[in-house]
1. Go through the residues of region 67-74 one by one and say whether even a single one is outside any helix (DSSP H, G or I) and either within 14 Å of the chain's Cα centre (by Cα) or without any contact (Cβ under 8 Å) to a residue 12 or more places away in the chain (or both).
2. For region 39-60: of the residues being of a type in the set (Gly, Ala, Ser) and over 24 Å from the mean Cα position of the chain (by Cα), which is nearest to Phe103 (Cα to Cα)?
3. Among the residues of region 20-29, which ones are surrounded by 15 or more Cβ atoms within 10 Å (Cβ to Cβ) and either free of Cβ contacts under 8 Å to residues at least 12 places away in the same chain or touching a Lys or Arg at 6+ places or on another chain (Cβ under 6 Å) (or both)?
4. Quick one: is Arg183 over 18 Å from the mean Cα position of the chain (by Cα) and within 16 Å of Val89 (Cα to Cα)?
5. Residue by residue through region 138-159, note down the ones that are in contact (Cβ under 8 Å) with a residue 40 or more places away in the chain and loosely packed, with under 15 Cβ neighbours inside 10 Å.
6. Among the residues of region 160-170, write down those that are without any contact (Cβ under 8 Å) to a residue 60 or more places away in the chain and either buried (at least 18 other Cβ atoms within 10 Å of the Cβ) or closer than 13 Å to Val125 by Cβ (or both).
7. Can you tell me which condition Gly49 does not meet? The list is (1) surrounded by fewer than 18 Cβ atoms within 10 Å (Cβ to Cβ); (2) assigned to a helix (DSSP H, G or I), and all the others hold.
8. Identify the single condition in (1) over 19 Å from Tyr93 (Cα atoms); (2) in contact with a Phe, Trp or Tyr (Cβ under 9 Å, 6 or more places away or on another chain); (3) crowded, with 17+ Cβ neighbours inside 10 Å that Ala37 does not satisfy, given that it satisfies every other one.
Amino acid sequence: MQRRSAERLARILDACADLLDEVGYDDLSTRAVAQRAGVPIGSVYRFFGNKRQMADALAQRNLERFAARVTERLGTAGDRGWRDAMDVVLDEYLDMKRTAPGFSLVDFGNQIPVGTRRAEPNLRVADRLAGLISGYLGREPDDDLRRAFLVAVETADAVVHLAFRMAPEGDGQVVGELREMLRAYLARTLD
């Protein structure tokens with residue numbers, strides 16, 4: 001029963017992501033998601049009260065998938081230092097931005113105001129990254145590291161949006177500037 005419920009939830013979120021790419025958030029409806037997922041509308045409402053809750057769940061799933069992808073790549077990367085680890089983080093984010101359905105509109109909850117606290121998605125991302133990178137480096141995430149990652153995530157968020165406004169796949173030169181900016185900034189805390 002739990003497996004079927006989890007599969008139904010995954011189909012609903014997959015349908016939501018696909019429809020976000022096709023029609024955008026404003027024209028997204030729970031009815032269209034139910035039809036696309038091949039489930040009764042009641043199944044959608046069993047999990048979500050409205051499309052905002054659905055987008056929030058998609059954002060959380062995106063963060064979990066992103067963290068899993070980063071963790072997997074860091075696990076196979078060997079000990080190459082924090083700069084390489086940050087390259088993995090940025091590369092995985094850019095890959096999801098280019099390929100993951102619905103990610104360009106929802107990512108981790110930043111594009112669509114989800115919930116009441118607009119800063120919450122970047123706080124979640126920064127905290128998750130501080131934990132991942134500090135674990136990779138074999139150190140405890142302290143307040144200075146968490147703050148540095150929050151500033152880095154906020155900065156990266158803005159510059160990545162600029163890169164994708166300039167080119168559909170993300171302007172490579174702008175991404176290169178971001179990479180250098182992040183390295184210079186994080187060196188204060190991680191070196």
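1. Here is the first cut: in region 67-74, the ones outside any helix (DSSP H, G or I) are none.
The answer is no; no qualifying residue exists.
2. Looking only at region 39-60, we keep the residues that are of a type in the set (Gly, Ala, Ser), and these are 42-43, 49, 55, 57, 59.
Filter again for over 24 Å from the mean Cα position of the chain (by Cα), leaving 42-43.
Values: Gly42: 25, Ser43: 23 Å.
Here the residue is Ser43.
3. Selection gives Leu28 alone.
4. Values: over 18 Å from the mean Cα position of the chain (by Cα): yes; within 16 Å of Val89 (Cα to Cα): yes.
Yes: the conditions hold for Arg183.
5. Of everything in region 138-159, just one residue is in contact (Cβ under 8 Å) with a residue 40 or more places away in the chain and loosely packed, with under 15 Cβ neighbours inside 10 Å, namely Asp144.
6. Step one: list which residues in region 160-170 are without any contact (Cβ under 8 Å) to a residue 60 or more places away in the chain, which gives 161-163, 165-168.
The answer is Ala163, and nothing else.
7. It fails just one condition, (2).
8. (2)
The values are calculated or read from the model by the stated rules, or taken from the named source; none is laboratory data. No experiment lies behind these values; they were computed from the predicted model shown. With ideal geometry, Cβ positions are generated from the backbone for all residues, glycine too; neighbour counts draw on all protein chains shown.
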